[in-house]
Amino acid sequence: MAANKRTVFFISDRTGITAETLGSCLLSQFQNIDFEKVHLSFIDTLDKATNAVYTINNTSLKDESPPLVFSTQINAEHRKLLSQSDCIFFDFFEAFISKMESSLESKSSHSIGRLHELGYKDSEYSNKINSIDFALSNDDGLSLKNYDQADIILIGVSRSGKTPSCLFMALQYGINAANYPIIDQDLSSTKLPKVLQPYKHKLFGLSINPIRLQKIRKERKDNSSYASLKQCQSEVRRTEDMYHANNIPFIDTTQTSIEEISAKIINKLSLR
């Protein structure tokens, strides 16, 4: 890798948002270096930590320069393992800037507000705006003709978290995310709706606890069959049957934040 380029890993046992935010603040002090960012989220087992070390070491060999690793790992064993990989390792308990100046052989500018300039270049900003527009234009099955342009298509029953997840991925990562609501007419069998079949490789399913779903729907349409527990249970069960029958990856959004939903999807499908 060229001298003015370095690979950076953001590693966490959760979403990695904290590691990315703090790391990006520090990287913004080094304007003359082009950083290639790699995100490794939900490194919460020894096997995952070992695989992360393997990835870091391979990157070091390929780049002929040790990558920077920003970690918010809580587990001491995982943190120790990662710190012993072929990298420059940073965590929240060390002094960041002085170590970066030494490893990058470059003095930081010690200026304030560089994060915006590093993280939101004109092209990236425009890309995120376009992705937000894409998410809104392709929300809830409003338009089906743009699915070939989608990076991902979220599917799930009404009120399972599709729209906010799509918007978050667009705003945070510039991902073109569409979503399609699974309705009763789609659940007469376990086959995918015909319109989705050509895009099976882009599909990711959301599920939710029926009791939680009922509470959400009651806020929208109380005393309706749409919000009845029986209807919610039926839709969730049949939708999950569809996921299983077609090998569609899915997650339960019941106790999961939008940030975590998005990070898990991105990590699962390697959308970065």
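Just so you know, all these numbers are worked out from the coordinates, no wet-lab data involved. These figures come from a predicted structure and were not determined experimentally. Glycine also receives a Cβ, built like all others from the backbone with ideal geometry; neighbour counts cover every protein chain displayed.
A few comments on the model shown:
- Folded to 0 to 90 degrees: helix 229-245 orientation relative to the chain principal axis, Cα: 60
- Projected area averaged over orientations for the stretch 164-248, convex hull of C-alpha atoms, nm²: 6.3
- Radius 9 Å from Cβ of residue 72, net charge of other residues (Lys, Arg +1; Asp, Glu -1): -1
- Inter-label distance, nm, simple model (7 Å from Cα along the C-beta direction), residue 76/residue 194: 6.2
- Paramagnetic label zone (point 7 Å from Cα along Cα-to-C-beta, residue 184; backbone N under 16 Å) in the stretch 222-240: 222-239
- Candidates 153, 216, 132, ranked by Gaussian network fluctuation over the chain, Cα under 10 Å, top entry: 216
- Working note: Karplus 6.51/-1.76/1.60 with θ = phi - 60° gives the stretch 192-201 the couplings 5, x, 3, 5, 8, 4, x, 10, 3, 5 Hz, where Gly and Pro are set to x.
- Label-point separation, residue 47 to residue 201 (7 Å along Cα→Cβ), nm: 2.6
- Phi angles of the stretch 58-67 translate, via the Karplus equation with coefficients 6.51, -1.76, 1.60 and θ = phi - 60°, into HN-Hα couplings of 5, 5, 4, 5, 5, 7, 6, 6, x, x Hz per residue; Gly and Pro are given as x.
- Annotation for the stretch 17-96: chymotrypsin sites (Phe, Trp or Tyr not before Pro) lying in DSSP loop with at most 10 further Cβ atoms inside 10 Å of their Cβ are 93.
- Helix 258-269 vs. the chain, principal-axis angle (Cα, 0 to 90°, nearest 10): 80
- The long axis of helix 122-137 is offset from the longest Cα principal axis of the chain by roughly 10 degrees.
- Taken one residue at a time, the phi angles of the stretch 22-30 give Karplus couplings (6.51, -1.76, 1.60, θ = phi - 60°) of 5, x, 5, 4, 6, 4, 5, 7, 10 Hz. Gly and Pro are set to x.
- Relative to the Cα centre, the charge distribution of the chain, modelled as +1 at Lys and Arg Cβ and -1 at Asp and Glu Cβ, gives a dipole magnitude of about 840 debye.
- At full extension, residue 222 and residue 271 could sit 13.9 nm farther apart than now, given 0.36 nm per residue minus the alpha carbon distance.
- Kirkwood analysis of the chain, using all unique Cα-Cα pairs, places the hydrodynamic radius at 20.6 Å.
- By the Stokes-Einstein formula, at 0.890 mPa s and 25 °C, the stretch 122-269 with its Kirkwood radius over alpha-carbon pairs has D equal to 158 µm²/s.
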